[in-house]
1. Any chance you could count how many residues in the stretch 115-135 are part of a loop (DSSP other than H, G, I, E, B) and open to solvent by 40 Å² or more (accessible area, probe 1.4 Å)?
2. Within the stretch 115-136, take every residue that is touching a residue at least 40 places away in the same chain (Cβ under 8 Å) and in contact with a strand residue (DSSP E or B) (Cβ under 6 Å, 6 or more places away or on another chain) and give me the one that is farthest from Thr169 (Cα to Cα).
3. Of the residues in the stretch 139-160, how many are touching a residue at least 40 places away in the same chain (Cβ under 8 Å) and open to solvent by 50 Å² or more (accessible area, probe 1.4 Å)?
4. Would you check if there is a residue in the stretch 164-174 being farther than 16 Å from Gly99 by Cα, of a type outside the set (S, T, N, Q), touching a residue at least 12 places away in the same chain (Cβ under 8 Å) and open to solvent by 40 Å² or more (accessible area, probe 1.4 Å)?
5. If I ask for residues that are at pLDDT below 90 and among the polar types (S, T, N, Q), which ones from the stretch 74-113 would you list?
6. Among the residues of the stretch 93-114, which ones are open to solvent by less than 30 Å² (accessible area, probe 1.4 Å) and in a strand (DSSP E or B)?
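The values are calculated or read from the model by the stated rules, or taken from the named source; none is laboratory data. What you see is a predicted model, and the numbers here were worked out from it, not measured in a lab. Positions of Cβ are generated from backbone atoms using ideal geometry, with glycine treated the same way; all protein chains shown enter the neighbour counts. The protein model used for the area step is the full one, side chains on, heavy atoms only, and it has no ligands, DNA or RNA in it. Shrake-Rupley method; radii C 1.70, N 1.55, O 1.52, S 1.80 Å.
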Amino acid sequence: MVRRASSSSAMVRSPTESSGLLNAFWRYFVANRAVEGTACKLRLQVPSALRAPAAPHLQRWASQSMRRLFAFSFTAVMCGSLAGCCAFMPCHPATSLVGAVRDTNGLPVANATVTMYGATTATDSRGCFNVHRADAMPFTFSVAAAGYQSAQVEAQAGFYRVSAKLARTQSPDQSQIEWVAISPNEYSSSTPCEH
């Protein structure tokens, strides 16, 4: 015995209760849902007001969504090109260093070349330096001076006190660079040759 599906419209939401994509999906679902019986398939009896095709609703929704997506993408690209990537995220973290360059006997090395992220500065007469730069390639920190072995390490973002000890060119010793992390307050209140 095949039981016929009831045609109650109480289970079907009216167009005024639904909106947008949900309404279009509901119309499509109700209009095409087949009730399987033992011997045959019977379609639900749907009021003719709800049998309108869903495609116009989907097309209108997709068109509005694409316009919004294009507007957002265009705005983001324009802002990015005008302000750079760092307007949205800190893509260039800074490195702040305070320190001194000395030889292996503890004597200051004046006019030593301190290079960080490809930019150079020179130590003063006491061998002191103070550097603050945003990172860039090459991501290195190096110290060099005439008559001494140069030293190079990978630069790190943050605040540091740096102590560089340079060995003479003919010396069997190696030049060394030591980084010690400090707080931003310590950096702002430190003198370059402070130990």
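1. Step one: filter the stretch 115-135 for residues part of a loop (DSSP other than H, G, I, E, B), giving 117-118, 123-127, 135.
Still in the running and open to solvent by 40 Å² or more (accessible area, probe 1.4 Å): 118, 124-126.
Adding up the residues that qualify gives 4.
2. Ala134
3. Kept after step one, since they are touching a residue at least 40 places away in the same chain (Cβ under 8 Å), are these residues of the stretch 139-160: 141, 143, 145, 148, 155-160.
Right, trim to open to solvent by 50 Å² or more (accessible area, probe 1.4 Å) and you get 156-157, 159.
Count: 3.
4. Kept after step one, since they are farther than 16 Å from Gly99 by Cα, are these residues of the stretch 164-174: 167-174.
With of a type outside the set (S, T, N, Q) added as a condition, the list becomes 167-168, 172-173.
Still in the running and touching a residue at least 12 places away in the same chain (Cβ under 8 Å): 167-168, 173.
Okay, now just the ones that are also open to solvent by 40 Å² or more (accessible area, probe 1.4 Å), so 168, 173.
Yes, because at least one residue in the stretch 164-174 is farther than 16 Å from Gly99 by Cα, of a type outside the set (S, T, N, Q), touching a residue at least 12 places away in the same chain (Cβ under 8 Å) and open to solvent by 40 Å² or more (accessible area, probe 1.4 Å).
5. Thr75, Ser81
6. Quick first cut of the stretch 93-114, residues open to solvent by less than 30 Å² (accessible area, probe 1.4 Å) only: 95-101, 103, 109, 112, 114.
Selection gives Thr95, Ser96, Leu97, Val98, Gly99, Ala100, Val101, Asp103, Val114.
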